[in-house]
Amino acid sequence: MKENSKAAIIEAAVYLFNHKGFSGTSIRDIANKAHTNVANISYYFGNKNGLLEYCFIDYYEAYLSGIEKGYSLLDKGAAQSLKAIVENIMVFQYENIQLTRLIIREMSIDSQIVREIMSTYLTKERFYLSKVFEKGFKSKEFRINTTNYLILQLKSLLTMPFLNSHYVTEVLHLLPHEKYFADKYIRETHSWIDRVVCSSNQPRKLKANLLKIL
């Protein structure tokens, strides 16, 4: 870890916020963990709240980028677009598991920064996901359902392993920090899309398309 670097401060803050809580972590704790001084934290982030806000924005910029990349495939089919969104989100969360745990937990708290995130990034998320589902309904790829409830189910699937990490590891004996888990969970979520979201004749359509290609 490089001394006095912005990255070192962020890494230390995420670790401590996860293990001691935001309120239980002081700026001096972060400085000691990052092998830097308090002045550097003030220079980059102003204060502890500014540091947390940076973590939120850094997370959701990358998170939304993954959704937008999947959304760009909508012309190739709603199911393909939705599966790409799922994979992009899961890979990002797996690769940034500590930050993901922090952000998902903090999003459950009513605060000014959370309201701002909901009115900006999560509003955009809802827009993209709604468009994908609506395209699927219109093309009959997806069985008709309520968009908001589908979004709720999908987000529950994507956040559960990180929001309840102790339950996942201690009770289910699964390891979200391992690549095997991420790959397996992506396949399982894709299966949920096929079985729950897609219309009953969608698997036959996909099989027919594969046969044409072969």
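The values are calculated or read from the model by the stated rules, or taken from the named source; none is laboratory data. If you're wondering where the values come from, they're calculated on a predicted model, not measured in any experiment. With ideal geometry, Cβ positions are generated from the backbone for all residues, glycine too; neighbour counts draw on all protein chains shown. Calculation scope for accessible area: heavy atoms of the full protein, side chains included, ligands and nucleic acids excluded. Shrake-Rupley method; radii C 1.70, N 1.55, O 1.52, S 1.80 Å.
How many of the residues making up the range 132-147 are open to solvent by less than 80 Å² (accessible area, probe 1.4 Å) and in a helix (DSSP H, G or I)?
To start, the set of residues in the range 132-147 that are open to solvent by less than 80 Å² (accessible area, probe 1.4 Å) comprises 132-133, 135-137, 139, 141-142, 145-147.
With in a helix (DSSP H, G or I) added as a condition, the list becomes 132-133, 135-137, 139, 147.
Summing the residues that are open to solvent by less than 80 Å² (accessible area, probe 1.4 Å) and in a helix (DSSP H, G or I) in the range 132-147 gives 7.
Right, residue 182: within 24 Å of residue 143 (Cβ to Cβ) and modelled with pLDDT under 95 or not? If you could, list the steps in order and put the result at the bottom.
Details: within 24 Å of residue 143 (Cβ to Cβ): no; modelled with pLDDT under 95: yes.
It is false that residue 182 is within 24 Å of residue 143 (Cβ to Cβ) and modelled with pLDDT under 95.
Counting only residues that are open to solvent by less than 50 Å² (accessible area, probe 1.4 Å) and not β-branched (Val, Ile, Thr), which one in the range 102-114 is farthest from residue 168 (Cα to Cα)? If you could, list the steps in order and put the result at the bottom.
If we filter the range 102-114 for residues that are open to solvent by less than 50 Å² (accessible area, probe 1.4 Å), which is where we start, we get 102-104, 106-107, 111, 113-114.
Cutting the leftovers down to not β-branched (Val, Ile, Thr) gives us 102, 106-107, 111.
Details: 102: 16, 106: 19, 107: 20, 111: 27 Å.
The selected residue is 111.
Residues of the range 1-15 being closer than 22 Å to residue 165 by Cβ, free of Cβ contacts under 8 Å to residues at least 60 places away in the same chain and open to solvent by less than 40 Å² (accessible area, probe 1.4 Å), which ones? Let's see the steps before the verdict.
Here is the first cut: in the range 1-15, the residues closer than 22 Å to residue 165 by Cβ are 10-15.
If we keep only those that are free of Cβ contacts under 8 Å to residues at least 60 places away in the same chain as well, we get 10-13.
Once the filter is applied, which keeps residues that are closer than 22 Å to residue 165 by Cβ, free of Cβ contacts under 8 Å to residues at least 60 places away in the same chain and open to solvent by less than 40 Å² (accessible area, probe 1.4 Å), the range 1-15 yields 10, 12, 13.
Would you point out the residue of the range 71-81, among those that are assigned to a helix (DSSP H, G or I) and out of contact with any Phe, Trp or Tyr (no Cβ under 8 Å at 6 or more places or on another chain), that is nearest to residue 96 (Cα to Cα)?
Of all residues in the range 71-81, those assigned to a helix (DSSP H, G or I) come to 71, 74-76, 78-81.
Then keep just the ones that are out of contact with any Phe, Trp or Tyr (no Cβ under 8 Å at 6 or more places or on another chain); that gives 74-76, 80.
Working: 74: 26, 75: 30, 76: 29, 80: 24 Å.
Among them, the one singled out is 80.
When you look at residue 96, is it crowded, with 18+ Cβ neighbours inside 10 Å and under 16 Å from residue 18 (Cβ atoms), yes or no?
Working: crowded, with 18+ Cβ neighbours inside 10 Å: yes; under 16 Å from residue 18 (Cβ atoms): yes.
Considered against the rule, which asks whether it is crowded, with 18+ Cβ neighbours inside 10 Å and under 16 Å from residue 18 (Cβ atoms), residue 96 comes out as yes.
State whether one or more residues within the range 64-81 are over 30 Å from residue 198 (Cα atoms) and open to solvent by less than 50 Å² (accessible area, probe 1.4 Å).
Within the range 64-81, the first condition is being over 30 Å from residue 198 (Cα atoms), and the residues that meet it are none.
Checked against the condition, which is being over 30 Å from residue 198 (Cα atoms) and open to solvent by less than 50 Å² (accessible area, probe 1.4 Å), the range 64-81 yields no hits at all.
Condition test on residue 18, is it assigned to a helix (DSSP H, G or I), open to solvent by less than 70 Å² (accessible area, probe 1.4 Å) and either at pLDDT below 95 or more than 19 Å from residue 100 (Cβ to Cβ) (or both)?
Criteria met by residue 18.
Which number in (1) surrounded by fewer than 19 Cβ atoms within 10 Å (Cβ to Cβ); (2) touching a residue at least 24 places away in the same chain (Cβ under 8 Å); (3) over 17 Å from the mean Cα position of the chain (by Cα) marks the one condition that residue 151 misses?
It is condition (3) that residue 151 fails.
Show the residue pairs that are 6+ apart or on different chains and have beta-carbon atoms under 7 Å apart, the first residue being within the range 116-129 and assigned to a helix (DSSP H, G or I), the second being open to solvent by 40 Å² or more (accessible area, probe 1.4 Å).
Matching pairs, first to second residue: 128/68; 128/71.
For residue 133, are the conditions met, namely being at pLDDT 95 or above and farther than 15 Å from residue 83 by Cα? First the steps, then the outcome.
Details: at pLDDT 95 or above: yes; farther than 15 Å from residue 83 by Cα: no.
Judged against the criteria, residue 133 is not a match.
Are any of the residues in the range 33-46 assigned to a loop (DSSP other than H, G, I, E, B) and open to solvent by less than 20 Å² (accessible area, probe 1.4 Å)? Before the answer, list the steps.
First, pick out the residues of the range 33-46 that are assigned to a loop (DSSP other than H, G, I, E, B): 34-37, 46.
Okay, now just the ones that are also open to solvent by less than 20 Å² (accessible area, probe 1.4 Å), so 34.
Looking through the range 33-46, at least one residue is assigned to a loop (DSSP other than H, G, I, E, B) and open to solvent by less than 20 Å² (accessible area, probe 1.4 Å).
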